[in-house]
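Reading through the structure tokens given below for one structure.
The values are calculated or read from the model by the stated rules, or taken from the named source; none is laboratory data. It should be emphasised that the depicted structure is a prediction, and the values quoted were computed from it without experimental measurement. Note that each Cβ is placed from the backbone with ideal geometry, even for glycine, and that neighbours are counted across all protein chains shown.
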Amino acid sequence: MGWWQGLKAGWTSWRRARGAGRPVLTVVRFSDGTSDYFHELLGAAFAAADMPVELDFLDDVPQPRINALLDSDSLTLHWFLRNEERYTRWAPVPFGLTHGLVGRRILLIRPADQPLYDTVRTIDDFRALGRIGGFGVEWYDTKVWQANELPVLEQPGDWRVLYRMVAGGTVDYFSRAVTEIQGEAALHPELAIERHLLFHYERDQRFFLSRRHADLAPVLAEGLARLSADGTVDALIAKHYGERLSPLALDKRVLLRLRRP
């Protein structure tokens, strides 16, 4: 029996052990819609591997709780930026999920602050502003900013309070991926999308499975590879992010490349 047939046989046993019907995977769902792309990609990948699944949702779980749920196998998987700690903590699926878009960052700022950023041409110019960025605890972005000697404030618990922290002046900006900033700005009209700068580092998100579900990693990887080969990944990126990217005028912004830690 080959490896793929073995995986299918194992999957069939896994399904049988849990009763009839499609296997149910528990994942996080965010009410702001930022999880929609990953859900559709996940479902399509398992379907492409001829192993369709159903998704069971936990709504608006904060980042530290997501980590704990994965550790306890109460969550089947989640999508994160890859780093060494996550590779040893959970079971990674070696496939970049957004074609690097998540490594392109734009700032959410207070509208009145835009003139401060208009003069920036280099990362040294930006550093000289002394502006403080708000980030969640254990975020890879935090380490990137620190590696580039940029001031940060880490917010424990629910990272969504960072929107209020920017508006209230506790921090000066909130770095967001180009794939998510339009939707978030619409939900927070007190903030503005910074119009001049585009930060970039080489990184992408990947699916990480809890240890109990590690045997699903090769199946998911196979499905994602098939979706990439037939153009489905590109189509899903265009579907979920195309209208959001166009107004950002990425090619007209000043590009600031960041060192990775």
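Anything in region 189-215 that is in a loop (DSSP other than H, G, I, E, B), touching a Leu at 6+ places or on another chain (Cβ under 7 Å) and under 23 Å from GLY103 (Cβ atoms)? List them, or say none.
LEU191, GLU194, TYR201, ARG203, ASP204
With in contact with an Asp or Glu (Cβ under 6 Å, 6 or more places away or on another chain) and not small (Gly, Ala, Ser) as the only criterion, which of HIS213, HIS196, HIS188, HIS200 stands out?
HIS196
Of ARG105, ARG29, which residue is at pLDDT 95 or above, surrounded by fewer than 20 Cβ atoms within 10 Å (Cβ to Cβ) and closer than 20 Å to ARG176 by Cβ?
From the options ARG105, ARG29, the qualifying one is ARG29.
When you go through PRO247, PRO218 one by one, which is the residue that is surrounded by 14 or more Cβ atoms within 10 Å (Cβ to Cβ) and assigned to a helix (DSSP H, G or I)?
PRO218
Determine which single condition GLY231 fails, assuming it passes every other condition in (1) at negative phi; (2) at pLDDT 95 or above.
(1)
Could you tell me how many of the residues in region 108-135 are surrounded by fewer than 18 Cβ atoms within 10 Å (Cβ to Cβ), hydroxyl-bearing (Ser, Thr, Tyr) and within 28 Å of ASP158 (Cβ to Cβ)?
0
At pLDDT 95 or above and more than 18 Å from PRO94 (Cβ to Cβ): which single residue out of ARG211, ARG244, ARG226, ARG253 fits that description?
Criteria check complete, one pass: ARG253.
Being under 20 Å from the mean Cα position of the chain (by Cα), within 22 Å of LEU42 (Cβ to Cβ) and of a type in the set (Lys, Arg): is that true of ARG257 here?
no
Residue-wise test of (1) in a strand (DSSP E or B); (2) over 30 Å from VAL166 (Cα atoms).
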site: THR26; (1), (2): yes, yes
site: PHE46; (1), (2): no, yes
site: ASP50; (1), (2): no, yes
site: LEU58; (1), (2): yes, no
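What tally of residues in region 64-97 results from selecting those that are outside any loop (DSSP other than H, G, I, E, B) and not small (Gly, Ala, Ser)?
Start the filter on region 64-97 by keeping residues that are outside any loop (DSSP other than H, G, I, E, B), which leaves 64-71, 77-81, 84-89, 91-92.
Imposing the further condition that a residue be not small (Gly, Ala, Ser) reduces the set to 64-67, 69-71, 77-81, 84-89, 92.
Final tally of qualifying residues: 19.
Which one is nearest to PRO218 (Cα to Cα), of the residues in region 71-89 that are under 16 Å from the mean Cα position of the chain (by Cα) and modelled with pLDDT of 95 or more?
That would be LEU77.
Write out, first by first residue and then by second, each pair whose Cβ atoms fall under 8 Å of each other, whose residues are 6+ apart or on separate chains, and whose first residue, in region 55-80, is surrounded by fewer than 21 Cβ atoms within 10 Å (Cβ to Cβ) and hydroxyl-bearing (Ser, Thr, Tyr) while the second is at pLDDT 95 or above and assigned to a strand (DSSP E or B).
SER74/THR26
Residues of region 181-193 being out of contact with any helix residue (DSSP H, G or I) (no Cβ under 8 Å at 6 or more places or on another chain) and crowded, with 17+ Cβ neighbours inside 10 Å, which ones?
Matches in region 181-193: ALA185 only.
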